[in-house]
Structures are given as structure tokens and as C-alpha cells.
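Read through the structure below, which is laid out as C-alpha cells, and then see the notes.
The values are calculated or read from the model by the stated rules, or taken from the named source; none is laboratory data. Everything quoted here is computed from the prediction, not taken from an experiment. Counting neighbours? That spans all protein chains shown, and the Cβs are built from the backbone with ideal geometry, glycine included.
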């Protein structure tokens, strides 16, 4: 573990386990926990382990590199990945028993060829485009893809375990139209002689709002990290617990007179004499410059205090005002966390920036040390730490 880290993302393993359990209770079916993009910024390894411990059937990532990194990090449970480059080598996927989301006949043939080199069968899930117009097999390609998949399935070369698609979240009418297209794909695959075990269309939003779209599994990301995928419900209202607490510390305190300019451009000038606290995090760590002058705040000594002046690459400034006499160097600064504990919600930043909570947490930088906290949220137990790449914020 690095020592003296000034930037820490404390990741609550119990919170992730709780959130997976909440989704299992809500759906009554299989949960596929998505841990792509370094576990939405939380550490893919931490998120994968906690999700599997919490009852997830498998974890999902975007690509094979992410999947192999999880295997190298010791994650032994089922892994699915579904976006592949034109030169992808599926041999390691077959060797490491990683399930492949297949969108094209070319990918399917490449996977079949990899089984010869690896000397063992592969497992695939067929990815279908039902209207999002991204990756996935178009209706015109279904018959050829399904016929070949069925042939390989019967031969024991490639086991077709599932079929899935992804919603555009364009409203209930659009969701139902996509579901109808998906139903046609399922029926077509069955007509070719393959009855898939895992059938999944709903991601986090539809899992919460549309029980009729749950099928045999749901494939969820943001909710396992305890954040709401819908604008009209908070995490607490959904029974979720935010898993990440983003922390730093006070490294300098400076008393200044009225009229003092703060940071680049002096876009903030102190109206009265005050005390400024320097915090060593910046936009290189995922703290967007768009927060400049937005009204964003952090908590220091348990109280909210405003961020002032422009955010730099490595640091920002807080006006601690009347708290000055109660604050000392090294005091913790919480940038966001669980609002039920009095911390700023990540949705505050997202709202100020006119974006979504997904973008904020996925953008937490590589200098931020990820620490797995095994204590229940709200307790004072020491977190366990990990010195591996995932703990240090490396992409997994």
C-alpha cells in the first residue's frame, strides 16, 4: 500500500454486497453485476469480489482485457465481456473460461477457432441489437448467426448460454418496442434449437422501473454501487447504499484579508477576512473544472464548506470561514459519499455539471488510492487495504 496518500476512494464492500442483495430481492432472478471501467471507478476487483460475495451470478465487463485483468487479480467467478476489436484473440478467453458476448458471425467463427487452439470448448452469449443501434446482431443477421451458433452448440464446441440486448432508455413505449424485438430474437433462437439459460435485457434503470423486462436475469451496473439510475428517486428511497466515499485532507491553512483573490484568474475574491484550506485533489483526479464557481461543497469536520476559486490539476481551495479555529492540518475532507451520513451526494456534482452520476464516479483518476472497507458504512472500523493495481486505481 502507498503511504501518506492524500487522495482516497474508500469502497464499502458491505454496501456493494447489500446492493446486490437488494436487486436479487427485487427481481427474484439472476444478477449480472457490471464492473467495467474499473468497477465504475471503484476498483473492478473490489467490486467484482463484493458483488459475487453478495450473490451475483456473474460479473460483466466491456472487453477481454478487462476480463483477463480480473482473472489475474484472482476473480474466479463467471465473467462476461461483449465488445471486441477486429483483431481480438479469443484463445485466452477460452483458456480462462471467460464468456464471450457475440454480435457477429465473424466473432462466432473466431471463437470457434480459438477452441481448437485452447483445446477446450467456449461459452458464448449472443448479443442482439433491438433498436439502440450499437453493437449486437441486426435482425437481418439473426438466421445465419443463430443457425451457426446452434450447430456449434450441438457439437459441444461453443455452448450458447445466453442471449441479451440493451435498452435505449427512451421511454416506456420505446422499451416495449425493443422488448418485442427481443422476444422475436429469443423465439428465433429457440426455433434453431437453442434454449438459452440467461436472457437479459434490463440494465439498472429498467430493473428498477420495469419488472416486466426482467426475463431470467438482469444486468446492472450503477445500482450495485448504491447510486440511483433514475432522476426521481434517491439511493435511500431505492434501498441502496452508496459504496464510495471520496476523501482527501487539509494540507495547508491560510488566513487572508478581505479582497484576497483565490486561485487562477481571481474569479473568486474573498468578501471578508477568512481562512482558506488547501486540498490536494484536482481535475487530474476526477474533480471536474466545470465545478468552478458552481456552488459545490465538501465536508470538513462534519460541516459543509464551499469550494472557492478555480480547481487546479492537483488542488482546490475551500473557504472554511468560521470553522478555522476548529480545523487543523490533516483533517479529513469528504468530497462525496453517502448523504445519509451527512456527506455531499455525488448527484450534487452531476446536477451542477448537467451530467449523470455515472460520469462522475467513472472519471475518478488513477492517482486516487482505492481502499476496500470491510466495515459496515457508518462505523469507525479501520478499512482493509490492498497494494495491488486495483487498489492503486489502475484500470482493471
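Table for the structure above
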| read-out | value |
| --- | --- |
| Residue in segment 224-233 that is part of a strand (DSSP E or B) and at pLDDT 95 or above present | no |
| Qualifying residues in segment 153-164 (those that are touching a helix residue (DSSP H, G or I) at 6+ places or on another chain (Cβ under 7 Å) and within 16 Å of residue 197 (Cβ to Cβ)) - the one surrounded by the fewest Cβ atoms within 10 Å (Cβ to Cβ) | 159 |
| The listed residue being part of a strand (DSSP E or B) and more than 21 Å from residue 356 (Cα to Cα), out of 265, 259, 255 | 255 |
| Residues (within 9 Å of residue 122 (Cα to Cα) and in a helix (DSSP H, G or I)) located in segment 89-109 | 93, 94, 95 |
| Restricting segment 179-199 to residues that are touching a strand residue (DSSP E or B) at 6+ places or on another chain (Cβ under 6 Å) and assigned to a loop (DSSP other than H, G, I, E, B), the residue that is surrounded by the fewest Cβ atoms within 10 Å (Cβ to Cβ) | 197 |
| Test result for residue 57, touching a strand residue (DSSP E or B) at 6+ places or on another chain (Cβ under 8 Å), surrounded by fewer than 20 Cβ atoms within 10 Å (Cβ to Cβ) and closer than 21 Å to residue 365 by Cα | no |
| Enumeration of residues in segment 203-226 that are more than 17 Å from the chain's Cα centre (by Cα) and either assigned by TED's automatic domain parsing to the domain that holds residue 358 or surrounded by 19 or more Cβ atoms within 10 Å (Cβ to Cβ) (or both) | 213, 214, 215, 217 |
| Any hit, segment 285-297, residues being surrounded by fewer than 18 Cβ atoms within 10 Å (Cβ to Cβ), touching a helix residue (DSSP H, G or I) at 6+ places or on another chain (Cβ under 9 Å), in the same structural domain as residue 248 (by TED's automatic domain parsing) and free of Cβ contacts under 8 Å to residues at least 24 places away in the same chain | yes |
| Answer from 273, 206, 217, 258 - the residue that is without any contact (Cβ under 8 Å) to a residue 40 or more places away in the chain and closer than 22 Å to residue 175 by Cβ | 206 |
